[in-house]
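Trainee: Below you'll find the structure I mean.
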Amino acid sequence: MDTLSSALGVLTAMITPAVLISACGALILSTSTRLGRVVDRVRALSDKFEELAHVEEELALAEERRAVIFDQLDKLTSRSRILQRSMTVFYIALGLFVATSVAIGVVAYVPRITWLPVVLGLAGASFLFYGSVILIIEARLAFRALMSEMDFVWRLSQHHAPADLVKQRSPHYRLSIKPSLRPRR
């Protein structure tokens, strides 16, 4: 009965990292989805950029639109690199947690290496933490990119909106609009 008890204890200990493995899986899935969205956005902006290269618009507005799209593409490139790095880190953490689980089983037969599962588990947790920090950086970059895009959309809407509606809006935005983009009166 003592052998069965110790075997069950080893199996229970081996399953403990499964919670962290599940957390890594959820973060990998989430990060992969975010990366996919960045790729889709890059493709859409690339198409728009190409379209703008062939369409004649008012010169000032077309140039600013091209500049905004180029800036967005630059930010999306940075975001994709950050997301790929975080996915790599999460996969490493996942591998370390699986190795922790296996090492717990091995320790049952080789008691001299009881430190191994602890080291692997701590390394996995460290990579999980590092990947989370990377995602925080990416989220901040995404927010800045969104604000930049929304500022342009605001200026664009100000350019095309009727003059009486523009007067009702925030003076902060009206002052930040370039003179060439102010609505026609």
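Trainee: I'm checking my understanding of the structure. Among residues of the range 1-27 that are of a type outside the set (A, V, I, L, M) and open to solvent by 50 Å² or more (accessible area, probe 1.4 Å), which one is modelled with the highest pLDDT? Steps first, answer last, please.
Mentor: Looking only at the range 1-27, we keep the residues that are of a type outside the set (A, V, I, L, M), and these are 2-3, 5-6, 9, 12, 16-17, 22, 24-25.
Those left that are additionally open to solvent by 50 Å² or more (accessible area, probe 1.4 Å): 2-3, 5-6, 12, 16, 22.
On the way: ASP2: 70, THR3: 63, SER5: 67, SER6: 67, THR12: 73, THR16: 72, SER22: 84.
It comes out as SER22.
Trainee: Restricting to the range 117-127, name every residue that is at pLDDT 90 or above and open to solvent by less than 50 Å² (accessible area, probe 1.4 Å).
Mentor: LEU120, ALA123, GLY124
Trainee: Still on this structure, I have one more. Out of the range 97-118, which residues are under 12 Å from PRO17 (Cα atoms) and touching a Ser or Thr at 6+ places or on another chain (Cβ under 9 Å)?
Mentor: If the condition is that a residue be under 12 Å from PRO17 (Cα atoms) and touching a Ser or Thr at 6+ places or on another chain (Cβ under 9 Å), then THR100, SER101, ILE104, PRO117, VAL118 are the ones that fit.
Trainee: Considering only the range 83-93, state which residues are hydrophobic (A, V, I, L, M, F, W, C) and surrounded by 22 or more Cβ atoms within 10 Å (Cβ to Cβ).
Mentor: Once the filter is applied, which keeps residues that are hydrophobic (A, V, I, L, M, F, W, C) and surrounded by 22 or more Cβ atoms within 10 Å (Cβ to Cβ), the range 83-93 yields LEU83, VAL89, PHE90, ALA93.
Trainee: From the list ALA103, ALA145, ALA99, which one is buried (at least 17 other Cβ atoms within 10 Å of the Cβ) and touching an Asp or Glu at 6+ places or on another chain (Cβ under 9 Å)?
Mentor: ALA145
Trainee: Only residues that are open to solvent by 50 Å² or more (accessible area, probe 1.4 Å) and in contact (Cβ under 8 Å) with a residue 40 or more places away in the chain: list them for the range 28-40, please.
Mentor: Scanning the range 28-40 gives SER32, ARG34, VAL39.
Trainee: Same structure, new question: Being assigned to a loop (DSSP other than H, G, I, E, B) and modelled with pLDDT of 85 or more is the requirement here; does TYR109 meet it?
Mentor: yes
The values are calculated or read from the model by the stated rules, or taken from the named source; none is laboratory data. It should be emphasised that the depicted structure is a prediction, and the values quoted were computed from it without experimental measurement. Here the Cβ is made from the backbone with ideal geometry for all residues, glycine too, and neighbour counts use every protein chain on show. With ligands, DNA and RNA removed, areas are computed over all heavy atoms of the protein, side chains included. Shrake-Rupley method; radii C 1.70, N 1.55, O 1.52, S 1.80 Å.
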